[in-house]
1. If you scan region 74-83, which residues turn out to be out of contact with any Lys or Arg (no Cβ under 6 Å at 6 or more places or on another chain) and crowded, with 19+ Cβ neighbours inside 10 Å?
2. Just one of D179, D136, D166 is of a type in the set (D, E) and closer than 19 Å to T115 by Cα; which is it?
3. If you go through region 65-73 one residue at a time, do you hit one that is open to solvent by less than 60 Å² (accessible area, probe 1.4 Å) and either part of a strand (DSSP E or B) or among the acidic types (D, E) (or both)?
4. Taking region 161-193 as the search range and keeping residues that are assigned to a loop (DSSP other than H, G, I, E, B) and charged (D, E, K, R), which one is most open to solvent (accessible area, probe 1.4 Å)?
5. How many of the residues in region 84-99 are open to solvent by less than 10 Å² (accessible area, probe 1.4 Å) and farther than 20 Å from R151 by Cβ?
6. If you take the residues in region 100-115 that are outside any loop (DSSP other than H, G, I, E, B) and over 17 Å from A155 (Cα atoms), which one is least open to solvent (accessible area, probe 1.4 Å)?
7. Looking at G124, G144, can you tell me which residue is open to solvent by 20 Å² or more (accessible area, probe 1.4 Å), within 21 Å of A85 (Cα to Cα), of a type in the set (G, A, S) and under 17 Å from the mean Cα position of the chain (by Cα)?
8. If you check K118 against the conditions, is it touching an Asp or Glu at 6+ places or on another chain (Cβ under 9 Å), more than 21 Å from G159 (Cβ to Cβ), in a loop (DSSP other than H, G, I, E, B) and basic (K, R)?
Amino acid sequence: MKKTAALIATCAAVTLASLAGVTAQAQTPSETADPATPVSNEPLVINGCPIWPYTRCPGADLRHANLVGKNLAGSDLRGADLTRADLRGANLAAANLEGANLTGARLSKATAANTDFKNARFIGADLEGARLMRSDFSGALFEGSNLEMARFNHAWFVGTRFISNDLQEAKLAATNLKDAVFEGNFVRYTLFHESNMEGCKGCKKEWE
């Protein structure tokens, strides 16, 4: 009997030790971390450019940057390279992107009202559903881009070139299209009423 009791006690001790080891291994890093350790709130910085409202990054290299939903309102991004940057849902209101390269950029549902896009390049860009009211695109190039359902009301397009874009259901009401160029664009249900088309090449009378 004594030998049996001793054997049972030994087995129980081994089992408890094994269970303790499994429990220790199963603990997650969050369970073992010091609860007093602060969570990092460092702002996003890409190639030296802080990503926040009113940032000052003229000429910044933001190629392929993930800027989905970021707030860049009022920022200085003149001449920035935003090739293939993802700006879906981003806020670029009142920002300065004069001369910026937005080739292949994704700006669907972005907000960029009252923004300076003079001489910017939109080649193969996606601006579907973007809100771009009262912005200045004078001298800019739109080529092979998706502008479907984009809202450009009251924007300026003086000398802007539109080449082979999808403008279906885009809103360009009360815009300034003086000396603009339209070639090979898809314009079904596009609105141009009350726009200035003086000197516009490719604009049609029925658009007015």
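1. Passing the criteria: S75, L77, R78, A80, L82.
2. D136
3. no
4. First, the residues of region 161-193 that are assigned to a loop (DSSP other than H, G, I, E, B): 164-165, 167-170, 172-175, 177-180, 184-185, 187-190, 192-193.
Retained after the next criterion (residues that are charged (D, E, K, R)): 169, 178-179, 188.
Working: E169: 65, K178: 67, D179: 73, R188: 129 Å².
Step by step, filter region 161-193, then rank; the result is R188.
5. Final tally of qualifying residues: 1.
6. Filtering region 100-115 for residues outside any loop (DSSP other than H, G, I, E, B) gives 101, 106, 111.
If we keep only those that are over 17 Å from A155 (Cα atoms) too, we end up with 101, 106.
Working: N101: 25, R106: 104 Å².
Once the filter is applied, the top-ranked residue is N101.
7. The match here is G124.
8. On the way: touching an Asp or Glu at 6+ places or on another chain (Cβ under 9 Å): yes; more than 21 Å from G159 (Cβ to Cβ): no; in a loop (DSSP other than H, G, I, E, B): yes; basic (K, R): yes.
No; evaluated as a whole, the condition is false for this residue.
The values are calculated or read from the model by the stated rules, or taken from the named source; none is laboratory data. Computed from a predicted model, the values in this text were never measured in an experiment. We place every Cβ from the backbone using ideal geometry, glycine too, and count neighbours over all the protein chains shown. Heads up: the accessible areas ignore ligands, DNA and RNA and are worked out on the full protein's heavy atoms, side chains in. Shrake-Rupley method; radii C 1.70, N 1.55, O 1.52, S 1.80 Å.
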